[in-house]
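Single-structure report; data block below.
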Amino acid sequence: FIGEMMEAVRAAVAEKMGMLIVLEQDMALREIVDTGVRINGEVSKEMLLTVFHDNTMLHDGAAIIANNRLVAAGCILPLTEQQELSKILGMRHRAALGLSEVADAIIVIVSEETGMLSVARNGKLQQAVDPKDLEAMLYQLYRSKAEKTLLRRASRQEPPAPPAAA
């Protein structure tokens, strides 16, 4: 899903289309998903650009991606309580930061005012992110998660039986 998502993000940056995409990690986001409209569809550039098109009903909320699926859109995120945030930052950034303070999700933001790409994670906001850097980081993160899952599965399996005596 990363390639498709990044194509949509690049198009949004170029067009200054606002986006708020939440990538669920280990912590389930069921309560957040329940605030939006369930989609449970394949992640595609076209689907994401449609969801965030400014004439759609879902464009103001967040899209949630979990288990490589676009599970919901139009979701409401908690706002950050941080008072020292720049007044330049809008609701998308405040919502992204708010969720990153209470969940382990990675939140991708495209500003509709500037077209700037930002990422919120672990209560921190990184602004002016290069799409290539974000894509590389996501591929690395998901690759290492997949390897850990494979290692866990391998360690749970029964050890092979010793060879029978001849």
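The values are calculated or read from the model by the stated rules, or taken from the named source; none is laboratory data. Nothing here was measured: the structure is a model prediction, and the numbers come from that model. Here Cβ is always computed from backbone atoms with ideal geometry, including for glycine, and neighbour counts include all displayed protein chains. The protein model used for the area step is the full one, side chains on, heavy atoms only, and it has no ligands, DNA or RNA in it. Shrake-Rupley method; radii C 1.70, N 1.55, O 1.52, S 1.80 Å.
Select from the range 1-41 the residues that are open to solvent by 50 Å² or more (accessible area, probe 1.4 Å), assigned to a helix (DSSP H, G or I) and not charged (D, E, K, R) and list them in ascending order.
If the condition is that a residue be open to solvent by 50 Å² or more (accessible area, probe 1.4 Å), assigned to a helix (DSSP H, G or I) and not charged (D, E, K, R), then 14 is the only one that fits.
Any residue in the range 8-17 that is of a type in the set (A, V, I, L, M, F, W, C) and farther than 19 Å from residue 129 by Cβ?
Within the range 8-17, not a single residue is of a type in the set (A, V, I, L, M, F, W, C) and farther than 19 Å from residue 129 by Cβ.
Every residue in the range 42-94 that is of a type in the set (Lys, Arg) and part of a loop (DSSP other than H, G, I, E, B), please.
Of everything in the range 42-94, just one residue is of a type in the set (Lys, Arg) and part of a loop (DSSP other than H, G, I, E, B), namely 87.
Conditions tested, residue by residue: (1) at pLDDT below 80; (2) outside any loop (DSSP other than H, G, I, E, B).
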position: 107; (1), (2): no, yes
position: 115; (1), (2): no, no
position: 128; (1), (2): no, no
position: 132; (1), (2): no, yes
position: 138; (1), (2): no, yes
position: 141; (1), (2): no, yes
position: 148; (1), (2): yes, yes
position: 151; (1), (2): yes, yes
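Under the condition of being among the aliphatic types (A, V, I, L, M) and open to solvent by 60 Å² or more (accessible area, probe 1.4 Å), which residue from the range 42-71 is modelled with the lowest pLDDT?
If we take residues in the range 42-71 being among the aliphatic types (A, V, I, L, M) and open to solvent by 60 Å² or more (accessible area, probe 1.4 Å), then 57 is modelled with the lowest pLDDT.
Of everything in the range 72-94 that's of a type in the set (A, V, I, L, M, F, W, C) and out of contact with any helix residue (DSSP H, G or I) (no Cβ under 6 Å at 6 or more places or on another chain), which residue is surrounded by the fewest Cβ atoms within 10 Å (Cβ to Cβ)?
By that ranking, first place goes to 88.
Considering only residues that are closer than 23 Å to residue 112 by Cβ, of a type in the set (A, V, I, L, M, F, W, C) and touching a residue at least 40 places away in the same chain (Cβ under 8 Å), which ones fall in the range 10-44?
Scanning the range 10-44 gives 12, 13, 14, 17, 19, 20, 21, 22, 23, 32, 43.
Those residues that are open to solvent by 50 Å² or more (accessible area, probe 1.4 Å) and free of Cβ contacts under 8 Å to residues at least 24 places away in the same chain, I need them from the range 95-133; list them, please.
The answer is 101, 121, 122, 126, 127, 128, 130, 132, 133.
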